[in-house]
Amino acid sequence: MSMKASMIVDKDFTIGEVDSRIYGSFIEHLGRAVYGGIYEPGHPQADEQGFRADVMELVKGLDVPIVRYPGGNFVSGYNWEDGIGPIEERKKRLDLAWRTIEPNLVGLNEFMDWCRKANTEAMMAVNLGTRGADAARDIIEYSNIKGGTYWSDLRISHGYQAPHNIKTWCLGNEMDGPWQIGAKTAAEYGRTACETAKVMKWVDPSIELVACGSSSLTMATFPEWEATVLEHTYNHVDYISLHQYYGNRDKDTSNFLAQSMGMDRFINTVISTADYVQAKKRGKKKINLSFDEWNVWYHSNDADRKIEPWSIAPPQLEDIYNHEDALLVGCMLISMLKRADRVKMACLAQLVNVIAPIMTANGGAAWKQTIYYPYMHASLFGRGTVLVPLIKSPKYDAKDYTDVPYLEAVAVHNEEKSEVTIFAVNRHLAEALPLELDLRSFGACQVTQHIVLESDDLKAANTIDAQDRVKPHNGGNAAVDSNGQIHATLGKASWNVIRLKLA
Ligand code: AHR
């Protein structure tokens, strides 16, 4: 097998516009995401509201357009009213989802303040586990109505004169999962989601709604769940959600890195199912996809089982990410870009401490995990139009996947900036992959940057004592030859960002 790959892209062969919201993330009231993550009043870098400035800085570095809140499993037992009003009067509650105590020091208004400071928007979830349409219509009235009603005037009395105008709302979370508080059958959820969606849009017709899809590709009810839920909700919702986490439990990195092919299949099946319902309804509207939980998650599983229940903000789901995790995160980002025509929102789960690109020590430092980098590169350079990638690559067979291309890649054209950016992973663990890039109708161009994330140790991670062990460098060798052909060598097991300036 010859280790050589090629990729052709053409200006006129496009997949779709990137909706910047695919670079979203997630903050749940879980572990140290809120308390000790975005919020820690006693920290030397806390601002007047208790938000950590060092964490804010790292969040801003990612240019995150939307952040899902307040859960996750947490939302299915949450009374949103517990998080409003004077902080000193707020009640502590048991959180049955994560078996902790929720102090309610941060709630809707504080989170919206944090969003404004972080230059991001909220994707708010309502509780369809223990609650339903009634609580959902109240929270939207509190958040989005100007004034002159009980809930909107209450918001004003809490010091928020202007409505928050939250545009994007999730109708519950993972309602198909037996672990969920108030889990439902597809028909039960479909009916509840439909009726909740109706009243929420009656309060504010400008909002967009996300119905819960399956909690993962491996759920026994997938994809029947999506079909039934959308048959009930088609006229009232705009998106269907997808959630997927991967791990390298078998210590088989070639198989681990192939898992984004499962994500491709997941996305394509949900699109087909949504389109099937559209056809059945004789509908005009396309239901788009919100991949609102995705990541690697498995490192912390054992430690989490040992945590004593009923404490405040214990270190839950604190995966320490290594180099190979960053490669899979890169492949997953490419998977979503390849369906930019239908994946319109996505949330890397989560943002701080809890399976997150940003880690903190209580009272101490904040630093970047390995997965921070591919996520940041895609968010900063992956805006524009995705081009159809015609790829020729050598392939391998892994335990669960056949014909896995060593090259995983996609190209994004940013017309405004006259730039094309190629995101590429070489899945080969031992050999470099020479790549030939043909930009066809784009004509002449120049390589402005070839960023590489690589490491001799697939298990190398960034920790509090070695915060920069894995970090990208600008030393890639992409170059244009005299015939205008672009050549690059992708190092073994590497993530690459090749930035091209068009003439
Ligand atoms: O992101 C962590 C958890 O994973 C979320 O609370 C839940 O929705 C999913 O199972």
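Values quoted throughout were computed directly from the atomic coordinates according to the rules given, and no laboratory measurement underlies them. None of the values given here were measured: they were computed from a predicted structure. Every residue, glycine as well, gets a Cβ built from its backbone with ideal geometry; the counts of neighbours run over all protein chains shown.
Some points to look at:
- Computed magnitude of the charge dipole of the chain (debye, nearest 20; Cβ of K, R +1, Cβ of D, E -1): 880 debye
- Each part reduced to its alpha carbon centroid, segment 208-225 and segment 241-280 end up 11 Å apart.
- For segment 497-502, 3J(HN,Hα) computed residue by residue from phi via the Karplus equation (6.51, -1.76, 1.60; θ = phi - 60°) reads 10, 9, 9, 10, 9, 7 Hz, glycine and proline entered as x.
- Along each principal axis, Cα extent of segment 379-503, largest first, Å: 43, 37, 27
- Under a 5 Å amide H cut-off, with hydrogens placed 1.01 Å from N, residue 68 pairs with 25, 26, 27, 123 among residues at least 5 apart or on other chains.
- Gain in span if fully extended, residue 311 to residue 501, counting 0.36 nm per residue against the direct Cα distance: 63.1 nm
- The largest-to-smallest principal axis extents of the Cα set in segment 24-156 are 39, 35, 30 Å.
- Above-threshold pairs, the threshold being 20 Å between Cα atoms, out of 11/338; 286/417; 117/167; 368/459; 251/459: 286/417
- Residues whose amide H falls under 5 Å from that of residue 449, counting only those 5 or more places apart or on a different chain, are 499, with hydrogens built in the peptide plane.
- The chain, relative contact order in percent, only Cα pairs under 8 angstrom and at least six apart counted: 20 percent
- Bridge type composition, segment 214-369 - antiparallel percent by DSSP, nearest 5: 20 percent
- Of 211, 255, 266, farthest towards positive along the dipole that unit charges on Lys, Arg, Asp, Glu beta carbons give segment 171-275: 255
- Taking θ as phi - 60° and the Karplus parameters 6.51, -1.76 and 1.60, the scalar couplings of segment 165-171 work out to 6, 7, 8, 10, 10, 9, 8 Hz in sequence order, x denoting glycine and proline.
- Rounded to 5, the percent of DSSP beta bridges in the chain classed as antiparallel: 60 percent
- Legend: P(r) of segment 19-381 from all alpha carbon pair distances, 20 Å bins from 0, whole percents, reading 31, 61, 8, 0.
- Amide H partners (placed H, <5 Å) of residue 293, local residues excluded: 242, 244, 347
- For chymotrypsin sites (Phe, Trp or Tyr not before Pro), the sites in segment 1-66 that DSSP calls loop and that have at most 13 other Cβ atoms within 10 Å are 13.
- Largest-first principal axis extents, alpha carbons of segment 144-285, Å: 59, 39, 27
- For segment 352-503, size of Cβ-based charge dipole, Lys and Arg +1, Asp and Glu -1, in debye: 220 debye
- From phi via Karplus (6.51, -1.76, 1.60), per-residue ³J(HN,Hα) for segment 380-394 in Hz, x at Gly/Pro: 7, 10, x, 10, x, 10, 7, 9, 5, x, 8, 10, 10, 9, x
- Mean residue ellipticity (222 nm) of the chain, computed from DSSP H runs ≥ 4 via -39,500 (n - 2.57), nearest 500: -7500 deg cm²/dmol
- Sparse-neighbourhood loop sites, chymotrypsin sites (Phe, Trp or Tyr not before Pro) in segment 172-237 - DSSP loop, at most 13 other Cβ within 10 angstrom: 179
- Label-to-label distance, nm, for residues given as residue 487 and residue 3 (7 Å Cα→Cβ offset): 1.7 nm
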